[in-house]
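The values are calculated or read from the model by the stated rules, or taken from the named source; none is laboratory data. Keep in mind that this is a model prediction, so the values were computed, not measured. Virtual Cβ from ideal backbone geometry, glycine too; neighbours counted across all protein chains shown.
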Amino acid sequence: SERRRRASAVTEHRAIYGDWCPGYGVPAHASSDLTADHVLAVANGGADGGLRVLCRACNSRKGAR
């Protein structure tokens, strides 16, 4: 269920923006390695919250922030 929710978020993002990461700590950039990220980190209680799409590198950069 969570996997499907994340895949759906990435699919919707690609339909609107294509392979484009909005960036986290860096300017927006092209990336085909997009992942869905919790807006509020799971470590901070965001397990059921909203998702946003970032590339894998930006998602790693964000961590639990």
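Odds and ends about this structure:
- Test: Glu12 is of a type outside the set (Gly, Ala, Ser) and modelled with pLDDT of 90 or more: yes
- Under the condition of being of a type in the set (Val, Ile, Thr) and either exposed (fewer than 11 other Cβ atoms within 10 Å of the Cβ) or in contact with a strand residue (DSSP E or B) (Cβ under 8 Å, 6 or more places away or on another chain) (or both), the residues counted in region 1-15 number 1.
- For region 16-38, the condition of being surrounded by 11 or more Cβ atoms within 10 Å (Cβ to Cβ), within 12 Å of the chain's Cα centre (by Cα) and at pLDDT below 90 holds for at least one residue.
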